[in-house]
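Below: one structure, written as structure tokens.
Please treat every number below as a calculation from the coordinates, not as lab data. All figures in this text were calculated on a predicted structure; none of them were measured in a lab. Cβ sites come from the backbone with ideal geometry, for glycine too, and all protein chains shown count toward neighbours.
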Amino acid sequence: MKVFHIEQIRRLDALTIEREPVSSIHLMERASRAFCQWFSRQFPNRNQKIFIFCGTGNNGGDGLAIARLLCKDFYDVSAHVLYLTPELSKDAAENLRNLRRVGGSVVGTEFREGETKLPNLPAGSILIDAILGSGLNKPVLGYWANFIEHLNAQPVTKVAVDIPSGMFADKPTTGVSILADWTFSFEFAKLGFLFPENQYRIGKWMCGSIGLNVQAVQGEPTANYILDEKMVKPLLRTRHRHDHKGTFGHALLVAGSYGKMGAAILASRACLRSGAGLVSIHSPKCGYEILQISVPEAMVSVDEHQYSVTHVHEDLVKYKAIGIGCGIGTNELAAQGLADVLQRTKCPVVLDADALNLLADHPDFFKLVPKDSILTPHVKEFERMFGTTANDFERNALQIKKAKELGIYLILKGANTAIACPDGHCFFNNNGNPGMATGGSGDVLTGILTGLLAQGYPPLEACQLGVYLHGMAGDLAMLDQQQEALLASDIIAQIGRAFKHLRPIE
């Protein structure tokens, strides 16, 4: 799924109107029908009172059309026009006339700036927000800001049409907005939906097609995409009868230190579950017995140091992929071990956890990182390496900039894990759940990515498939354990089911 900026969506609307051809009022009708089809599935109770607040622009026109359609579908609806401007847009005015013809009693109180009596809505009812659309270019202030805050305080379920009123689609929102419980977006997700700063504005969000011109959408360029099952499924490779463990590569994980051998166990188990043919773990001497017992399928090489990795004595050429950082610590001995691997390896590496903190402490190490390597920071690790930003939009821009500058794949972990690529593209993952916010979850991702690289997946495909499998395994684990009880090892246990979901056994 492409993610477009608002100017691009306007252009796609205009191209659809031109090429079909279809009038703007009929395109509005399509959008309103798409919303109502979703709404009737999500809220089937026709006895629930629905209040629709409509602005004077085209978002308000959508709301008035929705009021008419829901009325005809036997919902208990009242529509209220907020005169943010003296006149309604052409299409909004036509939809108001259509509503009055079909259900005149549905048109309720009108509101103009300065009126002191604000609406108080009965508990348990539904508020549909169609006040301001995605074309908003300045914060909502004064009377209408107070009006929106009053609506937010009502004991109702709030549903936004296309985007919550007051929220900016492509930049940080600096004023008030509707705090929606649900947002139904027309055709595409807005970039702002994907960042944590807006999670309480949009609630749960989904998209519905309004029939924009397919050729226009395909031809419109963008650097941002939502990573979904349709994109990931074709990446999964077929295994052949005469393949053997050598076919699927030898992966090395440099992981663990005194007190942190659990990270090495989790990463190596995930690496094996992701399909690597052979997995070796290099760890300090203190981890030898632990790893041999906990991960019998893996081979273990021990460092000369008792408690820290310092140097991998083997020739690294035999490894198809290397993952380093899980639980290695941040002391100077670990820094020595990281530099040793980066200087000697010829293949892209996966860097996570303590390896990232060591990069932050030793910026000169960045020049040692092989091109097309994969870095997997969470927000704090990202900030340690590259500095803080004022908001999520700036952080995403910095993430893309650093991926291009360093020639790496930079995976910023979170609710919509973002994969920034060396060519400037960015992919946002759409699965996973808050139960995965637990210690060791990142080690599991490192293992999956390293295992996929070992099998010969190119770095971009390894990132896309690995992030999606990780999120899907987390979602499957949640079904058994619930979010509060989910452990990183539960994610590993579901990797096989995640593969099966992407490619069912025939």
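Rank-order 373-385, 63-75 by packing density, defined as the average count of other C-beta atoms within 10 Å over each peptide's residues, highest first.
Values: 373-385: 20.8, 63-75: 22.6.
Per-residue Cβ counts within 10 Å, averaged per peptide and sorted highest first, yield 63-75, 373-385.
Per residue of region 480-494, in order, report the coupling 6.51 cos²θ - 1.76 cosθ + 1.60 (Karplus, θ = phi - 60°) as ³J(HN,Hα) in whole Hz, putting x for Gly and Pro.
For region 480-494, the Karplus-derived couplings read 8, 10, 6, 4, 5, 9, 6, 10, 4, 5, 5, 5, 4, 5, 9 Hz, x marking Gly and Pro.
How large is ³J(HN,Hα), in whole Hz, for each residue of region 163-178 in order, when computed from phi with the Karplus curve 6.51 cos²θ - 1.76 cosθ + 1.60 and θ = phi - 60°, using x for Gly and Pro?
7, x, 4, x, 8, 8, 7, 10, 8, x, 8, 9, x, 7, 8, 4
Sort 453-461, 274-282 by the packing proxy (mean of other Cβ within 10 Å over each peptide's residues), most packed first.
Numbers: 453-461: 20.7, 274-282: 24.7.
Packing order, densest peptide first, comes out as 274-282, 453-461.
Given the -39500 (n - 2.57) contribution per DSSP H run of 4+ residues, what per-residue ellipticity at 222 nm results for the chain, rounded to the nearest 500 deg cm²/dmol? Write down the numbers at each step before the final one.
Numbers: 18 runs with 202 residues, N = 506.
For the chain, the value works out to -12000 deg cm²/dmol.
For region 2-222, what does the relative contact order come out to in percent, with C-alpha contacts under 8 Å and a separation of six or more?
On the way: 435 pairs, mean separation 48.0, N = 221.
Relative contact order, region 2-222: 22 percent.
Given a Förster distance of 25 angstrom, what is the FRET efficiency for Ser23 paired with Ala216, based on the Cβ-Cβ distance and rounded to 0.05? Walk me through the numbers on the way to the answer.
On the way: r = 17 Å, r/R0 = 0.67.
With a Förster radius of 25 Å, E is 0.90.
Taking other Cβ within 10 Å of each residue's Cβ, how do Thr388, Thr417, Thr310 sort, fewest first? If you can, show how the numbers build up before the last one.
Values: Thr388 12, Thr417 24, Thr310 19.
The most exposed by this proxy come first: Thr388, Thr310, Thr417.
Can you work out the Karplus-derived ³J(HN,Hα) for every residue in region 315-321? Use 6.51 cos²θ - 1.76 cosθ + 1.60 with θ = phi - 60°, whole Hz, and x for glycine or proline.
6, 7, 4, 6, 8, 7, 7
Quick check: net charge around Gly424, other residues with Cβ under 14 Å of its Cβ, Lys/Arg +1 and Asp/Glu -1? Working shown, then result.
On the way: positive: Lys401, Lys402, Lys404; negative: Glu405, Asp423.
Summing Lys/Arg as +1 and Asp/Glu as -1 gives +1.
Quick one: dipole size for the chain, taken about the Cα centre, charges +1 on Lys/Arg Cβ and -1 on Asp/Glu Cβ, in debye to the nearest 20.
Values: 49 positive and 51 negative charges, 219 e Å.
Approximately 1060 debye in magnitude.
Quick one: which residues, 5 or more positions from Ile131 or on another chain, have an amide H under 5 Å from its amide H? H modelled 1.01 Å from N in the peptide plane, none for Pro or chain starts.
For Ile131, the qualifying residues are Gly55, Ser165.
How are the alpha carbon pair distances in region 2-222 distributed across 10 Å bins from zero to the largest one, expressed in percent?
Calculated P(r), rounded to whole percents: 8, 36, 39, 15, 2.
Under 12 Å from the Cβ of Asn357, count the other residues' Cβ atoms, weight Lys and Arg +1, Asp and Glu -1, and hand me the total.
Numbers: positive: Lys380, Arg384; negative: Asp352, Asp354, Asp361, Glu381, Glu383.
After counting each charged neighbour, the total is -3.
Using modelled amide H (1.01 Å from N, peptide plane; none on Pro or chain starts), what sits under 5 Å from the amide H of Phe248, excluding residues fewer than 5 places away?
Close amide H contacts, sequence-distant or interchain: Gly277.
Run through the DSSP bridge list for the chain and note the antiparallel percent, rounded to the nearest 5. Write out the running numbers ahead of the final one.
Numbers: 8 of 58 bridges.
Percent antiparallel among DSSP bridges in the chain is about 15.
Place the peptides 359-367, 470-478, 402-410 in order of packing, highest mean first, counting for every residue the other Cβ atoms within 10 Å and averaging per peptide.
The densest-packed peptide leads the list: 470-478, 402-410, 359-367.
Quote the relative contact order of the chain in percent (integer), defining contacts as alpha-carbon pairs under 8 Å separated by 6+ residues.
Numbers: 1092 pairs, mean separation 60.2, N = 506.
For the chain, the relative contact order is 12 percent.
Do the alpha carbons of any pairs in Lys233/Lys500; Lys171/Lys413; Lys233/Lys402; Lys2/Lys190 sit beyond 18 Å of each other, and which pairs?
Working: Lys233/Lys500 11 Å; Lys171/Lys413 21 Å; Lys233/Lys402 28 Å; Lys2/Lys190 10 Å.
In this structure, Lys171/Lys413; Lys233/Lys402 lie more than 18 Å apart at Cα.
Quick one: which residues, 5+ away or cross-chain, put their amide H under 5 Å from the amide H of Trp205? H built at 1.01 Å from N.
Counting only residues 5 or more places away or on other chains, the set is Thr183.
Can you pull out the GluC sites (Glu not before Pro) in region 1-98 that DSSP calls coil and that have at most 14 other Cβ atoms within 10 Å?
Values: sites: Glu7, Glu18, Glu29, Glu87, Glu94; in loops: Glu87.
For GluC sites (Glu not before Pro) across region 1-98 that sit outside H, G, I, E and B with at most 14 neighbouring Cβ atoms in 10 Å, the list reads Glu87.
Can you match mean projected area of the Cα convex hull in nm² to one of these, (i) 37.4; (ii) 31.5; (iii) 26.0, based on a calculation from the structure here?
The calculated read-out lines up with (iii).
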